[in-house]
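Asker: Sharing a structure here in structure tokens format.
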Amino acid sequence: MTLQQYAETVYFPNIKTKKSPSTYKGYFNLYSKQIQPRIGELRLSTCTTADIQRILYRIDEQEELSHQSFLNINSVLSTIFTHARRSGTLQGPNPTDGVEIPEGKRSGKTHKYTLEEVEKITNAVDGLARCAVVVAAWTGLSLAELRGLKWEDIDFENEQLNVVRTVWHKQILETKTEHREAAVHLLPNVISELGEHRKQNSGTTWVFEGPRIFPLDLATLGSKRIKEALKGTGVEWHGFHAFRRGLGTRLYNNGTPIETVGKVLRHGSGSEVTLKHYVEIEEETKAAALQSLPRKARK
């Protein structure tokens, strides 16, 4: 059996029932675009570390990818071989072990909305779009979590909401991890915005409900309506996830410990993911850190 045959007839059909649709799509797209065109007739049973290394080097020669992208490619390959070993199809070591991951190109910074940008975006829109912006900016909910909100999930009296589901495209799913089910505290401005939005949309089940009694496509709302509303404001639309990253950055630069920032964002893997992907240390924070040194050390 070739590597391609195993991947497409065994591995991907198997994980399709076990992974979330977004994770499965990410794996399969990466395989289809970067791996499948380059594995040729490689046999699963005789594939070596040198073969995998050549694949990665070939991609590096032909594509401008970041180091993280190469890590992801190697991870997909590794999971395919691990699956084959566990099923008894492959004997011996995983050939992805020990490969050198290309440095790739330097990846650009992901955008994190500043407080000023949040305020300008909020003032530029109204109705459902404004409510979605306020909730996203001040709770750190992901796009799928925003779409999965029902009114029954919001406890106005105790000023919190519970994330119990996500909506991805047209699928209603469980939360990504157990940690993401933690209750989310709601600030007064969020409570006020949600209360007004509910008055204007009485009788709805979903907080951000579309015309077919199903969550609205907030990504399209952002790329069209919100993006259009921002013309002339000096603010560019970078999607809803930039609100989540922006909240993490603002909390950290305001002195919140990174472990607490991770808990607010409901990360379950310690502070590493939070610090790497959701926090940008501002110049003022760096300067303040240096100024906090004992006076003798600064002479």
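The values are calculated or read from the model by the stated rules, or taken from the named source; none is laboratory data. Bear in mind the structure is a predicted one, so any value in this text is a computation, not a measurement. A quick note on method: Cβ atoms are made from the backbone with ideal geometry, for glycine too, and the neighbour counts reach across all protein chains shown. For the accessible areas, the whole protein counts, side chains as well, though only heavy atoms, and no ligand, DNA or RNA atoms are used. Shrake-Rupley method; radii C 1.70, N 1.55, O 1.52, S 1.80 Å.
Asker: For Ile281 and Thr17, FRET efficiency with R0 = 45 Å and r from the beta-carbon atoms, rounded to 0.05?
Answerer: Step by step, r from the Cβ atoms, then E = 0.60.
Asker: Using bins 10 angstrom wide from zero, how does P(r) for the stretch 211-299 break down, in % of all Cα pairs?
Answerer: Taking all Cα pairs of the stretch 211-299, the binned fractions are 14, 29, 28, 19, 6, 3, 1 percent.
Asker: While we're looking at this one, here's another question. Would you mind checking the stretch 237-258 for residues with the amide N under 18 Å from a putative spin-label position 7 Å along Cα→C-beta of Lys109?
Answerer: 237-239, 241-255
Asker: How large is log10 I(q)/I(0) at q = 0.17, 0.20, 0.22 Å⁻¹ when the Debye formula is applied to the Cα atoms of the stretch 15-138, each weighted equally and without solvent?
Answerer: At q = 0.17, 0.20, 0.22 Å⁻¹ the computed log10 ratios are -0.90, -1.11, -1.27.
Asker: Still on this structure, please answer the following. Quick one: net charge around Gly195, please, counting Lys, Arg +1 and Asp, Glu -1 for every other residue with C-beta under 14 Å from its C-beta.
Answerer: Here the charged neighbours net out to -2.
Asker: Could you give the angle, 0 to 90 degrees to the nearest 10, between helix 188-200's Cα long axis and the longest principal axis of the Cα atoms of the chain?
Answerer: Rounded to the nearest ten degrees, it is 90.
Asker: Starting from a Cα-only point model with no solvent, please compute log10 I(q)/I(0) by Debye for the stretch 93-165 at q = 0.13, 0.14, 0.19, 0.22 1/Å.
Answerer: Scattering profile of the stretch 93-165, log10 relative to I(0): -0.60, -0.64, -0.88, -1.07.
Asker: Over the stretch 174-258, what per residue volume does the convex hull of the Cα atoms give, in whole Å³?
Answerer: Details: hull volume 13.8 nm³, N = 85.
Dividing the Cα hull volume of the stretch 174-258 by its residue count gives 162 Å³.
Asker: Still on this structure: So how strong a dipole does the chain carry about its Cα centre when Lys and Arg Cβ are +1 and Asp and Glu Cβ are -1, to the nearest 20 debye?
Answerer: 340
Asker: Okay, moving on. Taking H placed 1.01 Å from N in the peptide plane, check which residues at least 5 places from Thr166 or on another chain put their amide H under 5 Å from its amide H.
Answerer: Leu173, Glu174, Thr175
Asker: Add -39500 (n - 2.57) for each DSSP H run of 4 or more in the chain, then divide by its residues: what number comes out at 222 nm, to the nearest 500 deg cm²/dmol?
Answerer: Helices in the chain give a 222 nm mean residue ellipticity of -13000 deg cm²/dmol.
Asker: Now for a separate question. Taking K and R as +1 and D and E as -1, what net charge do the other residues with C-beta under 14 Å from the C-beta of Val10 add up to?
Answerer: Local charge sum for Val10: +3.
Asker: Here is a follow-up. What is the Cα convex hull volume of the chain when expressed per residue in Å³?
Answerer: Enclosed volume per residue, from the Cα hull, is 190 Å³.
Asker: Figure the gain on full extension for Glu157 and Thr48 (residue separation times 0.36 nm, minus the Cα-Cα span) and round it to one decimal in nm.
Answerer: 33.2 nm
Asker: So, counting K/R as plus one and D/E as minus one, what does the shell of residues with Cβ under 14 Å around Val264 add up to?
Answerer: Summing Lys and Arg as +1 and Asp and Glu as -1 gives +4.
Asker: Is the stretch 105-224 rounded, prolate or oblate when judged by the Cα gyration tensor, a ≥ b ≥ c being the square roots of its eigenvalues, rounded requiring a/c under 1.5 and prolate requiring a/b larger than b/c? Provide the component values of the computation, followed by the final result.
Answerer: Details: a/c = 1.32, a/b = 1.17, b/c = 1.13.
Because its axes are fairly even, with a/c under 1.5, the stretch 105-224 counts as rounded.
Asker: What figure in square angstrom, to the nearest 10, would you give for the accessible area of Lys276 with a 1.4 Å probe?
Answerer: Per-residue accessible area (Lys276): approximately 130 Å².
Asker: Using R₀ = 30 Å, calculate the FRET efficiency as 1/(1 + (r/R₀)^6) where r is the Cβ-Cβ separation of Asn189 and Ala288; round to 0.05.
Answerer: Once rounded, the FRET efficiency stands at 0.65.
Asker: Between the stretch 120-137 and the stretch 31-107, what is the C-alpha centre distance in whole Å?
Answerer: Computed from Cα coordinates, the inter-centre distance equals 43 Å.
Asker: Over the stretch 80-140, with every protein chain in place, what whole percent of the accessible area is carbon and sulfur at 1.4 Å, could you tell me?
Answerer: The computed percentage sits at 45.
Asker: Also: Counting heavy atoms of the protein chains only and a 1.4 Å probe, report the per residue accessible area for the stretch 80-223 as a whole number of Å². Please report the intermediate quantities before stating the final value.
Answerer: Working: 7930 Å² over 144 residues.
Per-residue accessible area for the stretch 80-223 comes out at 55 Å².
Asker: What nm distance separates the two modelled labels at Glu181 and Asn29, each placed 7 Å from Cα along Cα→Cβ?
Answerer: Output for this residue pair reads 2.8 nm.
Asker: Let me ask something else. In nm, to one decimal, how far is the modelled label at Ile213 from the one at Arg86, with both set 7 Å along Cα→Cβ?
Answerer: So the two model labels end up 4.0 nm from each other.
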